[in-house]
Amino acid sequence: MLSAARGAFRAGARRCIGARAIAAPARTLPVPRLAAAHAARRSFSASAPVLSQSNTRGVVVQAISSVASQREVQQYLSLFTSVESQKFAVIKVGGAILTDYLDELCQSLAFLYEVGLFPIIVHGAGPQLNKLLEDAGVEPQFEEGIRVTDAKTLAIARQLFLEENLNFTKKLEDYGVNVRPATAGVFYADYLNKDKWGYVGKITKVNTDIIEGAINRGCLPVLTSLAWTADGQLLNVNADVAAAELARALEPLKVVYLSEKGGLFDGDGSKISTINLDEEFDWYMGQEWCKYGTRLKIKETKQLLDTLPRTSSVAIIHPRDLQKELFTDSGAGTLIRRGGKFLTATKVSEFGDLAKIKEAFLRDHTDDPEAKTQMENYFDYLSKDVNFKAYYDEHVRVFAVVLPPKQDGGLAKLATLTMTSSGWLSGVADTIFAAIRKDHKKLVWVVDDNDENISWFQEKADGAVNQNGKVFFFYGVQDMNEVVPAMNQFFKEGNATLYSEGDMAKVEQLSSGVSTSGATRPVGRPQGQQIRSYHTSPRRPTVTQPFRTSRGPAFSRSYVSTTNPNPPLGKKNASNTRQAKVALIGARGYTGQALITLLNSHPHMELKHVSSRELAGKKLEGYNKSEIIYENLSPEDMTDMEESGEIDCWVMALPNGVCAPYVNAIYQGRRGRSDALNSVIVDLSADYRFDDSWTYGLPELVSRDSISQAKRISNPGCYATGAQLAISPLLEHVGGQPWIAGVSGYSGAGTKPSRKNDTTFLADNMLPYSLTDHMHEREISRQLGVDVAFVPHVAPWFSGIQLTIGIPLNKTMNSRDIRHIYQDRYAGERLVKIIGEPPFVKDIANKHGVEIGGFQVHSSGKRVVVCATIDNLLKGAATQCLQNMNLALGYAEYDGIPIM
């Protein structure tokens, strides 16, 4: 059963010259998962010996700690792996770096290699050559900055370059990197001017076959800058020139020049972070301090980038900062890119290309017949002496409109913000928002609470208040009394508060707003609907605190107040588009079948192995992506599969108490390997729900960031999921032991025959069981940090759970306030629905979320009864499993899940 592809790649393998290539299984990874990322796209040497990975593990730990956040690493890793391997990066290494910073350089390159990235390295040896020539009594000669190379100099240079290349590649091998030295056959050249410079070449051809061949064998190409004429004469070429010509041939995303200084510096001695050539080149050329090497490097970079795709950029950095420059928004050195010009306008007539701007408003609404009319009305409104300022880039990837305050020191209003995905990833949105913040010290804006990138707005804000599906953001406000009138007006009049008085009727027809979905649309309402009406005396906005359990500290973010402290991770947060290979162990039960149905329509996951002892040899029904035959995988099989990197995610759908041997088998396949290399395990049983080394997978209540980094996830129980979601928002108000009465359909009892799934026995009947100390009672109590009393029952329907929960309160409360707390806490959640009346179990069957309602308060005001319903096979098991898989594998959280 196991294929030859299980000749797994090993970090630290020797050079790949002459190695036999064997296709490795593709992996789908949201975060750096070391050799697994290689296997996604490469072929590897099957003859490579297995060496210790302790060095590699230390490198990865060091490297990841040097970058700002996992989100940034995932985002940029996804970008870099979206192109062909040889198009990732060209890195030029100077001779001084090889002498003084070799270990730091090799650490950085080992990190890139281990996350599946293959930069092409070009190195020089100028300082070493000068020293050797001096020792040999040869005085270095330069004409117009170019080394004059006679026969003796060339012979010394050739020997030196070979030695430096050998030392460099040996050091890389010590860090577990497969390398391919390429000291000949890549660069071909003619004499630059033989009479003037001697054996100096001008590159005429770059042979990329050698580079691609090395990468296809899982090796890092390390090139010298020596070139050859057509008739075999060796020529010397400056390493910077060689790197530029190599970049022109490969058109990489990044061209990196490693520098001891770590970047370019301005007249005050401050490092220049970013240069956008289209907008800033002339300015830099006009600065008195921009001269000598700085001026030359900027000019040479412009000449290079003018010949490359607009997506390419040049970075000048210190070798120790390579990871930070590549994998963080802030970077570490100097980034030079063509960029784009950023424009502003205060009148419609100032828009250079109004048609292009109007297209930006329509790009996500081509099927909406009303969109064009609304867009035209919007610009008619702006053209009628409206005081506004628009911010946008020349390609209109991001477009924003701000209405300034009516008096000095007042609140400006962000009325429109629309952006494309490229505007998001390239940092244009951040640049535009920074310009807005510079112009406007105080700003308010409104976003739908289900906007998939609401966390981006939260990072920009000092505070936020949620009500009726909207989030009111603000920054720069020192006195809350200043912002309360604007909030009250918004809650009273809706989005019309963002516009000038006198145009209210028109605004109510077209009110444009803030969104990251890719185009501006009427805020907060589906197409064709009227703007939501707000009560004339809205309640005071409730600011809830981050969810906290006894398991650890509250999940925190960088803003003052919010309604949902743990918002969903939508499509803009996804870092992975490649296919993931899934193995399902224990597929015979109802939950396994439900998960198979979900995976059948998942855009990024493929079932590769389905294991069931009873069904082995039979065809899997209900899965149409490929023909799957049930297997009976042994623990030994699973060890081999994990060791080879054949599976990206294991789903354990086994009965309680059965899982351990299989999990231990997977552990065996991970021996001596960094955790970052390993697959994800999601266990649907209760075996690891009380094990702190596993991540508890309830995304609405447990930090989604922690789940996205987890390799071992314990899926919560069905009763436990519904009960925790129904109790959690009131934790700070609990004044005693909550009690829970749960009634489940008989599918929750599994397929093994018993009275709990005997439909004849259950007809016109209901069966209470485990009257005390049920496993879910302990699970709920442990996760909430509050002891609960729980009694389960089985009823004659197939699937669906009804929960009735009594919660003592520590203060007098009313039903309306409690309902608002739940609405605020679950703002933006797509699988939690808050309703006024008690939910019915018949309405939740075959649905993928949870409904919570009732909120009936006792006449004393000191006890509330909350009702919840959940399908035990879906959100109570399979759907929640898929949520966790999506997060851990780097997909959008709701991919493949029908939302409520």
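Yes/no matrix, rows are residues, columns are (1) of a type in the set (Phe, Trp, Tyr); (2) crowded, with 16+ Cβ neighbours inside 10 Å; (3) assigned by TED's automatic domain parsing to the domain that holds Val857; (4) in contact with a His (Cβ under 9 Å, 6 or more places away or on another chain):
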{"position": "Arg712", "(1), (2), (3), (4)": "no, yes, no, no"}
{"position": "His733", "(1), (2), (3), (4)": "no, yes, yes, no"}
{"position": "Ser754", "(1), (2), (3), (4)": "no, no, yes, no"}
{"position": "Ser770", "(1), (2), (3), (4)": "no, no, yes, yes"}
{"position": "Arg778", "(1), (2), (3), (4)": "no, yes, yes, no"}
{"position": "Asp787", "(1), (2), (3), (4)": "no, no, yes, no"}
{"position": "Pro792", "(1), (2), (3), (4)": "no, yes, yes, yes"}
{"position": "Leu803", "(1), (2), (3), (4)": "no, yes, yes, no"}
Identify all residues within the range 336-358 that are part of a helix (DSSP H, G or I) and surrounded by 13 or more Cβ atoms within 10 Å (Cβ to Cβ); write none if there are none. Val348, Leu354, Lys356, Ile357, Lys358
Output the residues belonging to the range 288-299 that are modelled with pLDDT of 90 or more, out of contact with any strand residue (DSSP E or B) (no Cβ under 8 Å at 6 or more places or on another chain) and in a helix (DSSP H, G or I). Lys299
The condition of being out of contact with any strand residue (DSSP E or B) (no Cβ under 8 Å at 6 or more places or on another chain), crowded, with 23+ Cβ neighbours inside 10 Å and not assigned by TED's automatic domain parsing to the domain that holds Met775 holds, among Ser708, Ser703, only for Ser708
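Of the residues Ser714, Ser693, only one is closer than 30 Å to Gln579 by Cβ, free of Cβ contacts under 8 Å to residues at least 24 places away in the same chain and not hydrophobic (A, V, I, L, M, F, W, C); which? Before the answer, list the steps.
Details: Ser714 fails: free of Cβ contacts under 8 Å to residues at least 24 places away in the same chain.
Among Ser714, Ser693, only Ser693 is closer than 30 Å to Gln579 by Cβ, free of Cβ contacts under 8 Å to residues at least 24 places away in the same chain and not hydrophobic (A, V, I, L, M, F, W, C).
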Look at the range 162-182 and say how many of its residues are surrounded by fewer than 17 Cβ atoms within 10 Å (Cβ to Cβ) and either of a type in the set (Lys, Arg) or in contact with a Leu (Cβ under 6 Å, 6 or more places away or on another chain) (or both). 1
Residues satisfying the stated conditions in the range 118-145, i.e. over 18 Å from Asn167 (Cα atoms), assigned to a loop (DSSP other than H, G, I, E, B) and either in contact (Cβ under 8 Å) with a residue 40 or more places away in the chain or among the acidic types (Asp, Glu) (or both): Phe118, Pro119, Glu139, Glu144
In the range 202-240, what residues are buried (at least 17 other Cβ atoms within 10 Å of the Cβ), in contact with a Gly (Cβ under 9 Å, 6 or more places away or on another chain) and β-branched (Val, Ile, Thr)? Thr224, Val237
Is it true that Gly185 is without any contact (Cβ under 8 Å) to a residue 24 or more places away in the chain, more than 33 Å from the chain's Cα centre (by Cα), assigned to a loop (DSSP other than H, G, I, E, B) and surrounded by fewer than 24 Cβ atoms within 10 Å (Cβ to Cβ)? no
Hits in the range 358-387 - residues which are of a type in the set (A, V, I, L, M) and either more than 30 Å from the chain's Cα centre (by Cα) or at pLDDT 85 or above (or both): Ala371, Met375, Leu382, Val386
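The values are calculated or read from the model by the stated rules, or taken from the named source; none is laboratory data. If you're wondering where the values come from, they're calculated on a predicted model, not measured in any experiment. Quick reminder, even Gly has a Cβ in these numbers, built from the backbone with ideal geometry, and neighbours come from all protein chains shown.
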